[in-house]
Amino acid sequence: MITKNEDGYICPASMQATTVVSALRNYADQIGVKIKTNNEVKQIEYKKATYFVDCGYIYECDKLIVASGGLSYTNIDSPKNVFASLEKIGLEVSNLEPALTALISESS
């Protein structure tokens, strides 16, 4: 992806967010990351270091990023169901507020 510096921010030369999405998807594909979208999550279980995600079909993975749309989508129940599943497998979910933000992770 060709980039340019805009006031200290590195942006795609196209100035289109879709260019960044395409670059991230291409890289994820190259390193074997599977991205599943537009699935209704019915349940999430965690057993023996493996996540089992039920979307009508059981997906198995050792790492999981949940991007449910959060509480900013007030017209759907899906995020609340996902949060309940996360609590059920022992992950803490607290202080939920609607917000728009970036996803930041640490490399492992």
Task: Scope region 22-55; condition surrounded by fewer than 14 Cβ atoms within 10 Å (Cβ to Cβ) and of a type in the set (Val, Ile, Thr); matching residues - done: Ile31, Val33, Ile35, Thr37, Thr50
Task: Number of positions in region 10-21 that are part of a helix (DSSP H, G or I) and open to solvent by 60 Å² or more (accessible area, probe 1.4 Å) - done: 3
Task: Scope region 1-39; condition more than 20 Å from Cys61 (Cα to Cα) and among the aliphatic types (A, V, I, L, M); matching residues - done: Met1, Ile2, Ile10, Ala13, Met15, Ala17, Val20, Val21, Ala23
- [ ] Provide a single number: the residues in region 30-83 that are part of a helix (DSSP H, G or I) and at pLDDT 90 or above.
- [x] 1
Open item on the list: Considering only residues that are among the small types (Gly, Ala, Ser) and out of contact with any strand residue (DSSP E or B) (no Cβ under 6 Å at 6 or more places or on another chain), which ones fall in region 3-30?
Closed with: Gly8, Ser14, Ala17, Ser22, Ala23, Ala28
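The values are calculated or read from the model by the stated rules, or taken from the named source; none is laboratory data. Computed from a predicted model, the values in this text were never measured in an experiment. FYI the Cβ positions are ideal-geometry reconstructions off the backbone, even for glycines, and counts take in every protein chain you see. Areas reflect the complete protein model, heavy atoms only, side chains present, ligands, DNA and RNA absent. Shrake-Rupley method; radii C 1.70, N 1.55, O 1.52, S 1.80 Å.
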